[in-house]
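K.L.:
Starting off with a structure, shown below.
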Amino acid sequence: MIYVLHREQQLYCDRETAWRFFSDPGNLPDITPDDMGFTIISEPQSEMFEGMLIDYKVSPLLGIKLHWQTEITQVNEGHSFTDFQKKGPYAIWNHFHEFIPNEKGVLARDTVQYKLPFGILGRWMHRLVVKRKLNRIFDYRQQILEDRFNKKSSKNTAL
């Protein structure tokens, strides 16, 4: 079964500022909860491009370290990009990031399509653990982005 996670967040900055932040994989550890043990093991790249591979170590469950590799499969500079899991804990992970300018700044929209391995056991794990864990990760991310882009002191990047 393929699941879909949608998230949106208003950011009080311009699209260029949002793009610079989100298109830099080096910022991922900052928006991921510490208990995930998220570390990037790839060499840093100067800018995102289609075909770019990014390797991570992550501990999604019980502190077990896993290798995760994503490929950037689509880039529309300043507007959107997609990362697709090539290796990792999911049977499918396809994460579309979109940045939509509006009168307040930019709406950051995420759509993640994902599937767990192991058939019925995977569906059972989704209900018991995975769905809640993903929501917690994205809630954490939302709070970090709120602090970074929407606090009074960060209004200097606003439109």
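K.L.:
Testing P89 on (1) surrounded by 14 or more Cβ atoms within 10 Å (Cβ to Cβ); (2) at pLDDT 95 or above; (3) not small (G, A, S), one condition comes back false. Which one is that?
P.N.:
P89 satisfies all of (1) surrounded by 14 or more Cβ atoms within 10 Å (Cβ to Cβ); (2) at pLDDT 95 or above; (3) not small (G, A, S) except (2).
K.L.:
Select, from G88, G51, the only residue that is small (G, A, S), touching a Phe, Trp or Tyr at 6+ places or on another chain (Cβ under 7 Å) and farther than 20 Å from E16 by Cβ.
P.N.:
The match here is G88.
K.L.:
Further question: With (1) within 13 Å of the chain's Cα centre (by Cα); (2) more than 30 Å from R127 (Cβ to Cβ); (3) surrounded by fewer than 18 Cβ atoms within 10 Å (Cβ to Cβ); (4) not small (G, A, S) as the list, and R7 as the residue in question, which single condition is left unmet?
P.N.:
Every listed condition holds for R7 apart from (2).
K.L.:
Scan (1) polar (S, T, N, Q); (2) touching a residue at least 24 places away in the same chain (Cβ under 8 Å); (3) out of contact with any helix residue (DSSP H, G or I) (no Cβ under 7 Å at 6 or more places or on another chain) for the single condition T17 breaks and write down its number.
P.N.:
(3)
K.L.:
Go through the range 35-48 and count every residue that is surrounded by 15 or more Cβ atoms within 10 Å (Cβ to Cβ), part of a loop (DSSP other than H, G, I, E, B) and touching a residue at least 24 places away in the same chain (Cβ under 8 Å).
P.N.:
The number of residues fulfilling the criteria is 2.
K.L.:
Still on this structure: If the Cβ limit is 7 Å and pairs must be 6+ apart or interchain, which residue in the range 86-102 that is farther than 26 Å from G63 by Cβ pairs with which residue that is of a type in the set (K, R)?
P.N.:
Note: pairs meeting the criteria are E98/R109; F99/R15; I100/R109; P101/R15.
K.L.:
Related question: Picking from T32, T70, which residue would you name as being without any contact (Cβ under 8 Å) to a residue 60 or more places away in the chain, among the polar types (S, T, N, Q) and closer than 21 Å to Y114 by Cα? Steps first, answer last, please.
P.N.:
Details: T32 fails: without any contact (Cβ under 8 Å) to a residue 60 or more places away in the chain.
Only one candidate qualifies: T70.
K.L.:
Among the residues of the range 49-59 satisfying the criterion of being outside any strand (DSSP E or B) and out of contact with any helix residue (DSSP H, G or I) (no Cβ under 9 Å at 6 or more places or on another chain), which is surrounded by the fewest Cβ atoms within 10 Å (Cβ to Cβ)?
P.N.:
Our first condition is that a residue be outside any strand (DSSP E or B); within the range 49-59, this holds for 49-52, 59.
Filter once more, so that each one left must be out of contact with any helix residue (DSSP H, G or I) (no Cβ under 9 Å at 6 or more places or on another chain): 49-51.
Values: F49: 12, E50: 12, G51: 8.
The residue in question is G51.
K.L.:
Would you mention how many residues in the range 60-81 are out of contact with any Asp or Glu (no Cβ under 9 Å at 6 or more places or on another chain) and crowded, with 16+ Cβ neighbours inside 10 Å?
P.N.:
Of the residues in that region, 1 qualify.
K.L.:
Can I ask one more? Only one of (1) modelled with pLDDT of 95 or more; (2) within 24 Å of K131 (Cα to Cα) fails for M52. Which number is that?
P.N.:
Against the list (1) modelled with pLDDT of 95 or more; (2) within 24 Å of K131 (Cα to Cα), M52 comes up short only on (2).
The values are calculated or read from the model by the stated rules, or taken from the named source; none is laboratory data. Being a predicted model, the structure only gives us computed values, none of them experimental. FYI the Cβ positions are ideal-geometry reconstructions off the backbone, even for glycines, and counts take in every protein chain you see.
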